[in-house]
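Below you'll find the structure, written out as structure tokens, and then a few comments.
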Amino acid sequence: MSTCNVVHGDCTEVLPRWAVDGLRFDAVICDPPYHLTSIVKRFGAANAAPAKFGKDGAAQRLSKGFMGAPSDAGDVAFRVKTWEAVLSVLKPGGRAAVFGGTRTFWKTATALDAAGFEYEDTIAWCYGQGLVLKQTRLKPSWEPILLVRAPGRVLPLNIEECRIPSACKTDVGRWPGNMIHDNSAEAAGCFPDTPGQMARARTDGQPKSHRVYGDLNHVRATDPEPRGDSGSAARFFTSCEFDEDEKRLLYFPKATAAERVLHCTICGLSVLHGEEAAHQHDRENTEHLRGHPTVKPVKLLEHLVRLLVPPGGLVLDCFAGTGTTGVAALRAGRDAVLIEQSADYVADIRKRLDAVGSLR
């Protein structure tokens with residue numbers, strides 16, 4: 001049975017101790033702060049004068065961090081030492097999937113590179129539920145997931161667990177790509193209708209092209225026949241089952257209400273979906289019930305866990321938030337260790353994982 005261990009602490013302090021003790025992880029999946037609100041530096045710092053409401057209250061809101069999250073302040077995701085600590089507990093060749101914001105991920109990528117990680121790829125997580133906060137900016141519709149690895153032998157990805165189901169029943173499935181998106185009519189409309197493989201693949205292992213591809217050879221495939229399918233080219237990208245009777249392209253929308261854990265600022269308890277009424281406290285609204293502002297959907301994290309962590313392996317999330325990586329790891333049959341510095345979020349994680357089981 002898979003287990004999840006939750007640790008309350010600052011990862012920049014915890015990880016160096018674990019490195020000395022010899023603890024090593026197969027992979028790291030984490031969602032560090034995106035540091036989107038520079039105004040926090042002026043008005044959100046300790047001992048700083050509070051920001052005034054002003055004309056529209058924007059400065060006052062942003063001084064509390066992105067969507068009211070104080071953790072968005074600072075620069076922990078941009079510090080080289082942060083990622084040096086992560087690298088110190090990652091097995092040679094092990095991978096890290098690090099979420100970032102479209103405006104600031106380059107700073108995180110720079111720090112990862114300086115810390116000694118080898119940059120492997122960027123996965124685009126595309127969604128249709130972005131929130132427009134300013135008329136001067138575009139609607140956010142994707143977030144980058146930086147895929148890096150520790151120096152050492154390049155380990156294979158768990159492709160077989162993440163293949164894209166095909167309409168052909170005898171087919172093993174398509175190779176997963178580095179884009180994850182929805183299969184809504186709007187998204188599918190962005191792709192042209194196109195046939196898939198149109199001819200029998202050559203399986204002789206001979207060179208494909210000496211001039212352009214060098215030593216790239218024809219694959220010795222076991223099933224070289226074309227699939228004979230057609231439709232939107234959106235089907236070429238990663239997919240998974242959402243319902244028992246339906247398979248569709250992998251759309252990981254923003255987390256649903258059922259995936260969020262709220263925290264009651266009156267009684268201090270964690271509140272799961274469906275328990276809101278018990279924490280009304282005679283209030284006319286639910287403003288006292290607050291949740292993590294950037295919860296990621298479980299299906300997205302489960303896909304990453306299956307892709308990066310070998311069966312029976314151990315994954316680390318050093319910016320655990322409300323514990324989605326832990327839930328995903330348990331669903332995928334992997335062990336997980338979560339680090340979170342907020343005591344409130346640690347309580348949320350424990351209640352959420354208690355509902356799932358296998359919390360340690």
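The values are calculated or read from the model by the stated rules, or taken from the named source; none is laboratory data. Keep in mind it's a predicted model, so treat the numbers as computed, not measured. Counting neighbours? That spans all protein chains shown, and the Cβs are built from the backbone with ideal geometry, glycine included.
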statement: Residue pairs qualifying under the 7 Å Cβ cut-off, at least six apart or on distinct chains, with the first in segment 319-343 being without any contact (Cβ under 8 Å) to a residue 24 or more places away in the chain and within 14 Å of Val298 (Cβ to Cβ) and the second being in a loop (DSSP other than H, G, I, E, B) and small (Gly, Ala, Ser), are none
task: Might you let me know whether segment 40-49 holds any residue that is at pLDDT 95 or above and either surrounded by 12 or more Cβ atoms within 10 Å (Cβ to Cβ) or in a loop (DSSP other than H, G, I, E, B) (or both)?
output: no
task: Scan segment 325-346 residue by residue and report those that are surrounded by fewer than 19 Cβ atoms within 10 Å (Cβ to Cβ) and more than 16 Å from the chain's Cα centre (by Cα).
output: Gly333, Ser342, Ala343, Asp344
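Yes/no per residue for (1) in contact with a His (Cβ under 6 Å, 6 or more places away or on another chain); (2) free of Cβ contacts under 8 Å to residues at least 60 places away in the same chain; (3) within 13 Å of Leu147 (Cα to Cα):
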position: Phe78; (1), (2), (3): no, yes, no
position: Ala85; (1), (2), (3): no, no, no
position: Phe99; (1), (2), (3): no, no, yes
position: Ala114; (1), (2), (3): no, yes, no
position: Asp121; (1), (2), (3): no, yes, yes
- request: Output the number of residues of segment 137-173 satisfying the condition of being modelled with pLDDT under 85, of a type in the set (Val, Ile, Thr) and assigned to a loop (DSSP other than H, G, I, E, B).
  value: 2
field: Hey, Lys91 modelled with pLDDT under 55, basic (Lys, Arg) and not in a helix (DSSP H, G or I) or not
entry: no
statement: Scanning segment 347-358 for residues that are surrounded by fewer than 21 Cβ atoms within 10 Å (Cβ to Cβ) and touching a helix residue (DSSP H, G or I) at 6+ places or on another chain (Cβ under 6 Å) gives Val356, Ser358
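Answer yes or no: is there a residue in segment 314-336 that is modelled with pLDDT under 90, under 26 Å from Tyr127 (Cβ atoms) and either of a type in the set (Lys, Arg) or assigned to a helix (DSSP H, G or I) (or both).
The answer is no, given that none of the residues of segment 314-336 is modelled with pLDDT under 90, under 26 Å from Tyr127 (Cβ atoms) and either of a type in the set (Lys, Arg) or assigned to a helix (DSSP H, G or I) (or both).
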- request: Evaluate the following for Gly128: is it in contact with a Lys or Arg (Cβ under 7 Å, 6 or more places away or on another chain), closer than 28 Å to Val298 by Cβ and either at pLDDT 95 or above or small (Gly, Ala, Ser) (or both)?
  value: no
Single unsatisfied condition, Thr110 versus (1) of a type outside the set (A, V, I, L, M); (2) farther than 22 Å from Leu307 by Cα; (3) at pLDDT 95 or above; (4) part of a loop (DSSP other than H, G, I, E, B): (4)
field: Pairs where the first residue, in segment 1-19, is within 20 Å of Ser342 (Cβ to Cβ) and the second is assigned to a strand (DSSP E or B) and among the acidic types (Asp, Glu), C-beta under 9 Å, 6+ apart
entry: Cys4/Asp335; Asn5/Asp335; Val6/Glu340; Val7/Glu340; His8/Glu340; Gly9/Glu340; Cys11/Glu340
